[in-house]
Amino acid sequence: MPYETSGGDQHELASRLGHTHAIVRALAEEAHFYVPAEHVRDIAWLQPKIRHRSELARADEHRLTGVIGVDGSLMVVPVRDGLPSVRYGYAQAAAIWLDLELMQAQRKERFVDPVALHEAVKSNLISMDMPVAGAYLREGMSIEDSWRESVDRLFREKKIEVNRLDQSLLELLMLLHGRPGAPAHTVPVDCPRQSCRWKDVAVPEAGRPCPRCGSALYPTDTLRIYEEVVEDGENSTALGRLMQVVELLVLVGLSTLLWRLSRTELFTSTLFVIDGPMAVYGPPAKLRGRALGYFQSMEPGPFVCGVEKTGTAVDYARSLVRHEVLKPGDLLLVDDEVIAKMTNAGNPLAYGSETYWGRKFFYRSLDGRVVVITVLPGSGAPYDDHGGQADPAAYPSLPAILDVVDRTGSSMYRDGLIPVALAHSKAAYPIGVGTDVLRLVAKQKLGLRDAPDDGPAGR
């Protein structure tokens, strides 16, 4: 029996497309395809690749007392129903500080003190917005140039302001291309004009004209995000590329701040966690090498890791646990053999060599959670054309990181970690009402007024 509507004059009706999800799932069940996580058979070959926590260096020799978590979120919203191609994008990155000692003290209490837990967490947020499709900064410019100018403006205006840290995203981008405490004076930029394409132009922070064609070049052009911008589409992929760069720059800024101000105390007792793998995808992927070199040049080296919540690696790791391959406290070395099985790849040796600046490991925590982490090697590349470094000995920060994983389990989501969950809660946009609010803000920024053809939503 259908429910009556609030007015009582009619009954609720099912959506015309409400059945499509069930139909697609039924079709998928009948289709034949190969999913590696569903075909874990012989597991004997995995046993030599497993190390128990106790086999690694003792974590209590360097027990971390704080965690900084970084996460980002984005949303692309339609501005008005009458112009469905006009899209406005929002992106933000949040950073949280978690006091592990204060949190651990509350675990021992009979009744948790909410004020104490609140004091254990500090947060900060950087947000940005821009037209992403169907709208331009000015008349007579392409969507690619609109994006280029928008990104340059945002990187100059948006700052990370935490205690003594007060740097723009552009300043942090120059810093990432240099070394800790010594930002680069220029960044390499390829001219975006199809008729020119002059390579590796040294562009300073202020920008410069192309030496061949005279077109304006911005230092943010080094990211090449404009290459994924299309005229017809939401351009959410390009916005995602921008978001991953911002997350990396937030990490650069916060880690450099602690390294500069408290190198032997706070910096060496803090774990930096990013939501997702330590990787850079798409056109900005050259930042992978910059990030690897930057963090490895810090003395002492930072404790930094990435945590994946979803994806092929997470599915495969959970499948291994279902087959009892990993027991609590076990760490799996994800070498080229495991990668070949997990990704169904014919050339696993090249995996991650162009995108990852950390190495992937599977870990089953002492309380049974399955965690896929990426960890920074002490020196050298985590992946290369020869398979990279799969041995845990190449990752001196690994024991302390696993200790934090064991101490910060969260029930907020499956196999969760408290720092990642907290950073996500600060960065995420609310569904529903949040979308409506962002849409109203976008209308104001684009100077669009409601029109009769907007329909009920516009009125």
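Can you pull the percent of Cα pairs in the stretch 352-399 with separation above 16 Å? Here the long-distance tail beyond 16 Å is 38 percent of all Cα pairs in the stretch 352-399.
Exceedance of the 19 Å cut-off in Cα-Cα distance is limited, within the set LYS122/LYS426; LYS159/LYS286; LYS159/LYS199; LYS49/LYS341, to LYS159/LYS286; LYS159/LYS199.
Taking all protein chains as they are arranged and a probe of 1.4 Å, the heavy atoms of THR237 leave approximately 80 Å² accessible to solvent.
Residues of the stretch 314-367: accessible area per residue at 1.4 Å, in Å²? It would help to have the intermediate numbers written out before the result.
Numbers: 2030 Å² over 54 residues.
So the stretch 314-367 comes to 38 Å² accessible per residue, rounded to a whole number.
Kindly provide the pair-distance distribution of the stretch 228-316 built from C-alpha pairs, with 5 Å bins from 0 and whole-percent values in order of increasing distance. Per 5 Å bin, starting at zero, the Cα-Cα P(r) for the stretch 228-316 comes out as 3, 12, 20, 20, 17, 13, 8, 4, 2, 1, 0 percent. Electrostatic bookkeeping for ALA427 treats Lys and Arg as +1 and Asp and Glu as -1; over the other residues with beta carbon under 14 Å from its beta carbon, the sum is -1. Which of rounded, prolate, oblate describes the stretch 167-248, given a ≥ b ≥ c as roots of the alpha-carbon gyration tensor eigenvalues and a/c under 1.5 marking rounded, otherwise prolate only if a/b is larger than b/c? Judged from the Cα gyration tensor, the stretch 167-248 comes out oblate (a/c at least 1.5, b/c at or above a/b).
The values are calculated or read from the model by the stated rules, or taken from the named source; none is laboratory data. This structure is a prediction, so every number in the text was calculated from the model and none was measured. Backbone-built Cβ (ideal geometry, glycine too); neighbour counts: all protein chains shown. Remember, those area values only see protein heavy atoms, side chains included, never the ligands or the DNA or RNA. Shrake-Rupley method; radii C 1.70, N 1.55, O 1.52, S 1.80 Å.
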